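Right, one structure below, let's go through it.
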């Protein structure tokens, strides 16, 4: 039942923890348990289950040559798994669904919450049909992981119960897992989470990539799993996707509202022996398999042992605040938090210097506040938060990935929160959580999206007229596809709605290639800043022209009638920015956006903390005008600047700028009320750079 290689897959290449995402903690005890995984035991069991060597079933030699559902050998495989569970001293039973479907289960009862449980599982039946079906990767690998988890955890007590499950007839239609999930749902069972292992032993290019499948409602659950993978098996690369529907046994539990995920090998590096008689032990990447088993067991132990510290924090925003900044964190754990040297800490550094450590300036129960000292304009501040338990065995950082005890988090995570102290207002519009594929619709070669953001929305979010230097989207899952011929266009737009693609009056602010770097807010640095006039609506178009496709990046969006148009297509010889002209009808949710607006006083203004790369003189706006217009220019280095206005006879009629200027973006409010109607020229000279533009006054 697995997916095919061509199936849409949405990848999260790196997990960035948001303010509401639970935080997995590193625990030395979890690592000790994980490292009990025995490679020789894994090798023996997977060889026996795939028929690479004979085994003992009922104290008699037997070779499991096929686990296809209607073969006698599949029944023997169930007996093989049952006997291994039973020998461990676990409570073991068959769940007989009908004459051909038999699940094999074992239980380790929790000491504190015996009626609440986690399930680690995989299916043991395989393909192809017939008398020879080794199924080493699909899915002896997943089943053996479940057996190894049972072997290691049989004598370890956890607060929650653990169910070890081997499902039958997954390949025919998830029959075994569906029967169990349906029964559990009917009984009102409290299943806290399901880890489904299916095809976890093939990595043809040795890059360590793996996929973590779930649905959109369970992204936090899958994110926790991915955090565990990154903490305990850092050479594995977890990629979370919500694209697979019905492909493996996790779906049976998702359909009943339970938390569930599938851990599986990378779809873009999928075994070529899938569902063939050649899916044998000698085709597996055994070191990769061992890592996958260790990662799954680390996640199971983390959850069953409740080894977590959750840090909730709203990241500090970039802005012109030069005074101290207060970072607030709510820290929760079932274990007592450390105090004194072991109390929660915030680490920060200025402009990539060394880290400074802060203790809380305020604490009350689970709420902690840290005051980062004020910094001057132009400063970049990176920071992260850390906490540990009082015993010094459990530590968490936000963002995740840090370690170290007493003080907690002395080894920083690979990524940190960051804000800049600069004359920029960040305007965020949209709070919806509907994941959509536009504007980065790379499951097709070409895509075009027009998004309209009303002036009232920008102003209500703190925006005012100024230069837009970057825009960002709240990425749910990031695909690796590079978008070529990638363009971002903007314009000040009068209509309050957009229902078709707009073909004129655009300013191209980015033209090149772009790939989405990760999840969370990801920004596009505009090559040419765009001046938003403060009164018009802002229309943004993103389009690209590829010759290949892989999968979509999804972003959070909000329902907004008449504010979004989109279409995608495979244009083998065309350009989506030009030849996609008819929007689709079902792409109405508008992506949430973050807009960086340069701020400053009215008149001639500058923003020297977000520097341009080249000299530039923009066309005045509006044009024609009466009597006021705006003229934008940019200088990448300190220069003596003159901006002058001339009539058509070459006579100087106004001097707008005549002074030394620091590098930055500038806006001139030109009032031409004393001039008569007609055509005029304005000219800039900055160092060696000269340029002229025409303007029209109509009275």
* So how far apart, in nm, are the two label points at residue 559 and residue 371 if each is 7 Å from Cα heading toward Cβ? -> 4.5 nm
* Using the Cα gyration tensor of region 310-420, with a ≥ b ≥ c the square roots of its eigenvalues, what is the shape: rounded (a/c below 1.5), prolate (a/b larger than b/c) or oblate (neither)? -> prolate
* List the residues of region 122-140 whose backbone N lies under 15 Å from a point placed 7 Å from the Cα of residue 63 along the Cα-to-Cβ direction. => 131-135
* Hey, can you rank 224-235, 663-674 by average C-beta count inside 10 Å, highest first? -> 224-235, 663-674
* Distance between Cα centroids, region 329-357 to region 656-699: provide it in whole Å. => 52 Å
* So if R0 is 51 Å, what FRET efficiency would residue 44 and residue 362 give, r being the distance between their Cβ atoms, rounded to the nearest 0.05? -> 0.35
* To do: Sort region 26-304 into rounded, prolate or oblate with this rule: let a ≥ b ≥ c be the square roots of the eigenvalues of the Cα gyration tensor; rounded if a/c is under 1.5, and if a/c is not under 1.5, prolate when a/b is larger than b/c, oblate otherwise.
  => rounded
* **Rg/Rg_globular for region 159-269, with Rg_globular taken as 2.2 N^0.38 Å and Rg from C-alpha atoms** => 1.07
* Structure fact -> Note: region 282-350 at 37 °C, 0.692 mPa s; Kirkwood Rh on alpha carbon pairs; Stokes-Einstein D in µm²/s works out to 200 µm²/s
* **Förster radius 35 Å - calculated FRET efficiency between residue 525 and residue 642, Cβ distance, rounded to 0.05** => 0.75
* **Helical contribution to [θ] at 222 nm, DSSP H n ≥ 4, -39,500 (n - 2.57), averaged over the chain, rounded to 500** => -4500 deg cm²/dmol
* Structure fact -> Nearest-0.05 FRET efficiency for residue 579 and residue 433 at R0 = 30 Å, using Cβ-Cβ distance, is 0.35
* Once fully extended, how much extra length lies between residue 217 and residue 131, figured as 0.36 nm per residue of separation less the alpha-carbon to alpha-carbon distance? -> 26.9 nm
* Structure fact -> In nm, the gap between the two label points placed 7 Å beyond Cα toward Cβ at residue 626 and residue 172 is 8.2 nm
* **Percent of alpha-carbon pairs separated by more than 19 Å within region 605-697** => 36 percent
* Asked: Shape call for region 204-290 from the C-alpha gyration tensor, a ≥ b ≥ c root eigenvalues: rounded (a/c under 1.5), prolate (a/b greater than b/c) or oblate?
  -> oblate
* Asked: Considering every pair of different Cα atoms, what Kirkwood radius, in Å, is found for region 424-598?
  -> 15.8 Å
* Globularity ratio of region 365-420, using Cα Rg and 2.2 N^0.38 Å -> 1.28
* Structure fact -> Subtracting the Cα-Cα distance of residue 332 and residue 235 from 0.36 nm times their residue separation yields 32.0 nm
* Structure fact -> Descending packing, highest mean Cβ count within 10 Å first, for 449-455, 626-632, 349-355, 481-487 is 449-455, 481-487, 626-632, 349-355
* To do: Kindly provide log₁₀ I(q)/I(0) values, in the same order as q = 0.15, 0.17, 0.19, 0.20 Å⁻¹, from the Debye equation applied to equal alpha-carbon scatterers of region 463-543.
  => -0.60, -0.76, -0.92, -1.00
* Asked: Can you give the extra length, in nm with one decimal, that the chain gains between residue 286 and residue 111 once fully stretched, where that is 0.36 nm per residue apart less the Cα-Cα distance?
  -> 59.5 nm
* **Whole-number D in µm² s⁻¹ for the chain, Kirkwood Cα-pair radius fed into Stokes-Einstein, 25 °C, 0.890 mPa s** => 87 µm²/s
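Since every read-out is calculated from the coordinates, none of them should be taken as a lab result. This structure is a prediction, so every number in the text was calculated from the model and none was measured. Cβ: placed from backbone, ideal geometry, glycine included. Neighbour counts: every protein chain shown.
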